[in-house]
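The structure appears right after this line, and notes come after that.
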Amino acid sequence: MRKQLAIILAAVGILCGCQQKKTCEKQAFQYNVDKFYDLEILRYDVPEFESLTLQQKSLLYCLSEAALWGRDILFDQNGRYNLRIRRALEALYLNYPYEKDTEEFAAFERYLKRVWFSNGIHHHYSEDKFLPEFDQAWFVAACEAAGIEYDAAILPVMFDPAVMPKRMTAQDGIDLVANSAGNYYGEGVTQKEAEAWYAAHKDNSSEPLWIGLNSQLVKRNGKIEERTYKVGGLYGEALEQVVYWLKEAQKYAENDQQREVIGKMIAFNETGDLQLFNEYCIAWVKDLDSRVDFVNGFTETYSDPLGITGTWESMVNFKDLAATKRTQLISDNAQWFEDHSTTDPKYKKEEVKGVTAKVITAAILAGDCYPATPIGINLPNANWIRKEYGSKSVTIDNLMHAYNEAAKGNGFNEEFMIDDEIRDIYEKYGAMCGDLHTDLHECVGHGSGKLMPGVSKDALKEHASTIEEARADLFGLYYLADPKLVELGLLPNMEAYKAGYYQQMMNGLMTQLVRIEPGKDIEEAHMRNRQLIANWCYAHANGEMEIIERDGKHYLQINDYEGVRRLYGELLAEIQRITSEGDYPAAKEMVETYAVKVNQDLHKEILARYEKLHLAPYKGFVNPVYQVERNTDGEITNVTLDFTEGYIEQHLRYSKDYSPLPSVN
Ligand code: ZN
């Protein structure tokens, strides 16, 4: 429930959930690590790590070990030849007997880096197989010279474009299982057979087991059989290690609830019993007090063409107290914000309650969260558990922060912002405004206002989400320029908000178009809402802003920031009226006039300018290295983090130290 890719958003500087932290001033921190093909490798910081107790640090360390031990599982789930291929490539890389300063070796290294990034031989996002830029003869000869033995079956899998071309296919009318290289189904299993098996085993009770979540279906003697992922079963060698470290982690649990969560996950891995998985999910949702939290196991089901089996992933994290405090402060003032907004008093809530957003710091990424990673977690996936027990939804601040820091100096702002003055302001306050805007949007924006008696929640029909997102965004934008934020200590001065205003207008009018293909309309609700706001304000402006042309390029110029605030306020009042009255015709008119259509000439220009920047659209991370000190009794006495490991070193180390599975599973 969370395949949000921050990658593209961050590349264009749109989304910014991170905060200005002290770590920004640590000049030494290197966010950019490596770049190849369409991929960029970044490093993330782990701020506030020092504020954790030794017990919490020890817990993080053990959970991070449990995370890293699952790495092979994902390679094998992504394709049954992946471990064989990865091991042959790594062996050759380490034992290459010739001069390395050649085109072929460089191409070979790039391919290996890509295999690591994708946890296999298919692109992590497009799911297409990527081909080496060196040829098979070169590879075979080099392996022979180096004395590397490998299974010859990997050759067509690596080099023949027709063999296993797609990790997962979603094409209508063909056998999705037979035509997907993913290893959720054994050789020879058809979609029909898999579906029939699932249908026969489906649990129709009110608290159903997620049959198939943790297993592979294979064909033996013409019959479908289930191979369960568990200790002693499929992937048992890896899960044994995971269990060992979960048991270590359990010793450092912060409280009984967390001890239960870890215990259920251990028992589930040991037995494969899905009832225990349900109990784990429920215990996990209830654990709200622990500072440290984690996901470790077969979780998201996007990579199974039938959407049933979970892909192994792990993310260990802890609560970001600074950000949580910030959202608390905003939420404590929810009534003040409600009372002072530009909306008609009759649409205001007499009693409004703010929401406190949960913000976390990622401490280790693994499996399907590594190197490419989601920016939020929204689990568990079982609907009945969400309904009965709730769910946890969090944003991961330090990863957003890394995206933003890494984007600095990539030329984007130089290309699209009009002058040094606004670039300087943006450099100083952009991230801060991005955070605050997100907080205002989430903590008070959505919760503000009320519907008139008799108006249905669904009155705005297909335009409801665009209008609702615009309402929350405008609420945030209006208050971004309010002295109240300076008074609360959330912004340092009355200039900072300009960074947020310029960014919103530039993005909504121009730069978000880099994510739209030429000739297409805007479909996605958040993108629609951003363009709606920017276009409406631009159309109603009277000198507050203009778009000027310089050397054939268009730029936004804001002449009167307070005037822009007035426009935001006016639109907020109207959008609130539309919402409160359930005025569908007005919503439709608003969306169709301002939110959907793209200015074709401007779009072409923006795409051409963006293209020239050569920004890698996909990003991933290296992890910090956890180092522990122990006393003579083996007890952990200290845990420290090291942030110097490179991309290649990290993967070689993981393959050496955390690779328990056989090549064929
Ligand atoms: Zn929203």
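List the GluC sites (Glu not before Pro) within segment 461-561 that DSSP assigns to loop and that have no more than 16 neighbouring Cβ atoms inside 10 Å. Write out the running numbers ahead of the final one.
Details: sites: GLU462, GLU468, GLU469, GLU487, GLU495, GLU523, GLU524, GLU544, GLU546, GLU549; in loops: GLU495, GLU523, GLU524, GLU544.
Of the GluC sites (Glu not before Pro), the ones in loops of segment 461-561 whose Cβ has at most 16 other Cβ atoms within 10 Å are GLU495, GLU523, GLU524.
Identify all aspartates and glutamates with a Cα-Cα distance to LYS35 below 16 Å; exclude those on the same chain that are fewer than 8 residues away in sequence.
Cross-link targets: GLU109, GLU405, GLU645, GLU649.
Just check segment 523-584 against the gyration tensor rule for me: Cα atoms, a ≥ b ≥ c as the square roots of the eigenvalues, rounded for a/c under 1.5, and otherwise prolate or oblate depending on whether a/b exceeds b/c. Walk me through the intermediate numbers first.
On the way: a/c = 3.46, a/b = 1.65, b/c = 2.10.
Taking the square roots of the gyration eigenvalues as a ≥ b ≥ c, segment 523-584 is oblate.
Segment 315-404: which trypsin sites (Lys or Arg not before Pro) are DSSP loop and have at most 16 other beta-carbon atoms within 10 angstrom?
LYS349, LYS353
ILE41: net charge of surrounding residues, Cβ under 10 Å, Lys/Arg +1, Asp/Glu -1, itself excluded?
Once all neighbours under 10 Å are counted, the net charge is +2.
What GluC sites (Glu not before Pro) in segment 140-188 are in a loop by DSSP, with at most 14 other Cβ atoms within 10 Å of the Cβ?
Those that pass, being in a loop and sparsely packed, are GLU149, GLU187.
In the calculated pair distance distribution of segment 156-273, what percentage of Cα-Cα distances lie above 21 Å? Walk me through the numbers on the way to the answer.
Details: 3781 of 6903 pairs.
For segment 156-273, the share of Cα pairs beyond 21 Å comes to 55 percent.
To the nearest 10 degrees, how steep is helix 600-611 against the longest Cα principal axis of the chain, on a 0 to 90 scale?
The answer is roughly 50 degrees.
Determine the sum of side-chain charges near ASP424: Lys and Arg each +1, Asp and Glu each -1, restricted to other residues whose C-beta is under 14 angstrom from that of ASP424.
So the surrounding residues net to -2.
If I fit a long axis through the Cα atoms of helix 420-439 and take the longest principal axis of the Cα atoms of the chain, what angle between them do I get, 0 to 90°, rounded to 10?
Orientation of helix 420-439: about 80 degrees from the principal axis.
If you only keep lysine pairs separated by 8 or more in sequence, or across chains, how many in segment 329-398 come under 27 Å at the Cα atoms? Don't skip to the end; give the middle numbers.
Working: LYS348/LYS358; LYS349/LYS358; LYS349/LYS387; LYS349/LYS392; LYS353/LYS387; LYS353/LYS392; LYS358/LYS387; LYS358/LYS392.
Lysine pairs meeting both conditions in segment 329-398 amount to 8.
For each of LYS520, LYS57, count neighbouring Cβ atoms within 10 Å of the residue's Cβ, then give the residues from fewest to most.
LYS520, LYS57
For helix 82-95, report the angle its Cα long axis makes with the longest principal axis of the Cα atoms of the chain; keep it between 0 and 90° and round to the nearest 10°.
In the chain, helix 82-95 runs at an angle near 80 degrees to the longest axis.
If I stretch the segment between ASP151 and ASP633 completely, what's the gain in nm (0.36 nm per residue apart, minus their alpha carbon distance), one decimal?
On the way: separation 482, 0.36 × 482 = 173.52 nm, distance 4.47 nm.
Extra length from ASP151 to ASP633 when fully extended: 169.0 nm.
In percent, what relative contact order does segment 589-665 have, based on Cα pairs under 8 Å that are 6 or more apart in sequence?
Values: 35 pairs, mean separation 14.5, N = 77.
About 19 percent, as a whole number.
Enumerate the calculated ³J(HN,Hα) couplings along segment 69-81 in order (Karplus 6.51 cos²θ - 1.76 cosθ + 1.60, θ = phi - 60°), each rounded to whole Hz, writing x wherever the residue is Gly or Pro.
Couplings: 5, x, 4, 4, 4, 5, 4, 6, 5, 6, x, 6, 9 Hz.
Roughly how many nanometres apart are two label points built 7 Å out from the Cα toward the Cβ at LYS353 and LYS461?
The answer from the label model is 3.3 nm.
Could you tell me how far the Cα centroid of segment 421-498 sits from the Cα centroid of segment 83-158, in Å?
First find each Cα centre; the distance between them is then 49 Å.
If neighbour count is taken as other Cβ atoms inside 10 Å, put SER215, SER663 in order from fewest to most.
SER663, SER215
Starting from the Cα gyration tensor of segment 503-632, multiply each eigenvalue by 5, take the square root, and state the resulting semi-axes largest first in whole Å.
Details: eigenvalues 242, 105, 59 Å².
Result for segment 503-632: semi-axes of 35, 23, 17 Å.
In a shell of Cβ-Cβ distance under 12 Å around PHE621, excluding PHE621 itself, what net charge do Lys and Arg (+1) and Asp and Glu (-1) give? Before the final figure, lay out each step's value.
On the way: positive: ARG43, LYS619; negative: ASP34, GLU40, ASP45, GLU645.
It works out to a net charge of -2.
Considering just Cα atoms, how many Å³ per residue does the convex hull of the chain enclose?
Convex hull volume per residue, Cα atoms: 183 Å³.
For segment 74-199, state the average projected area of the convex hull of the C-alpha atoms over all orientations, rounded to one decimal in nm².
Over all viewing directions, segment 74-199 projects a mean Cα-hull area of 8.2 nm².
Can you tell me the alpha carbon radius of gyration of segment 259-328 divided by the globular rule-of-thumb value 2.2 N^0.38 Å? If you can, show how the numbers build up before the last one.
Details: Rg = 14.4 Å, N = 70, 2.2 N^0.38 = 11.1 Å.
Compared with the compact-globule rule of thumb, segment 259-328 sits at 1.30.
Assigning unit charges at the beta carbon (Lys, Arg +1; Asp, Glu -1) and nothing else, what dipole magnitude in debye, to the nearest 20, does the chain show about its Cα centre?
880 debye
Can you give the three extents of the C-alpha atoms in segment 168-217 along their principal axes, from longest to shortest, in whole Å?
Each principal axis gives a Cα extent; for segment 168-217 these are 33, 20, 15 Å.
For segment 641-664 and segment 357-392, write down the distance between their C-alpha centroids in whole Å.
Cα centres, segment 641-664 to segment 357-392: 24 Å.
Give me VAL664, VAL243, VAL596 sorted ascending by neighbouring Cβ count inside 10 Å, so fewest comes first.
Working: VAL664 11, VAL243 21, VAL596 16.
Placing the least packed residue first, the sequence is VAL664, VAL596, VAL243.
Mind running the shape call on segment 348-392? Use the C-alpha gyration tensor, a ≥ b ≥ c as the square roots of the eigenvalues: rounded below 1.5 for a/c, prolate if a/b tops b/c, oblate otherwise.
Numbers: a/c = 3.69, a/b = 1.66, b/c = 2.23.
Oblate, since a/c reaches 1.5 and b/c is not below a/b.
List the pairs from LYS202/LYS264; LYS166/LYS619; LYS325/LYS461 whose alpha-carbon separation is above 26 Å, in the order I gave them.
Violating the 26 Å Cα-Cα cut-off are LYS325/LYS461.
If the only charges are +1 at each Lys and Arg Cβ and -1 at each Asp and Glu Cβ, what is the size of the charge dipole of segment 191-288 around the Cα centre, to the nearest 20 debye?
Once rounded to the nearest 20, the dipole reads 340 debye.
Report D for segment 309-456 in µm² per second (integer): Stokes-Einstein, Kirkwood Rh on Cα pairs, 10 °C, 1.306 mPa s.
Using the Kirkwood radius from Cα pairs, D works out to 87 µm²/s.
Coordinate-derived values only; no laboratory data. Bear in mind that the values here come from a model prediction, so they are computed numbers and not experimental data. Cβ: placed from backbone, ideal geometry, glycine included. Neighbour counts: every protein chain shown.
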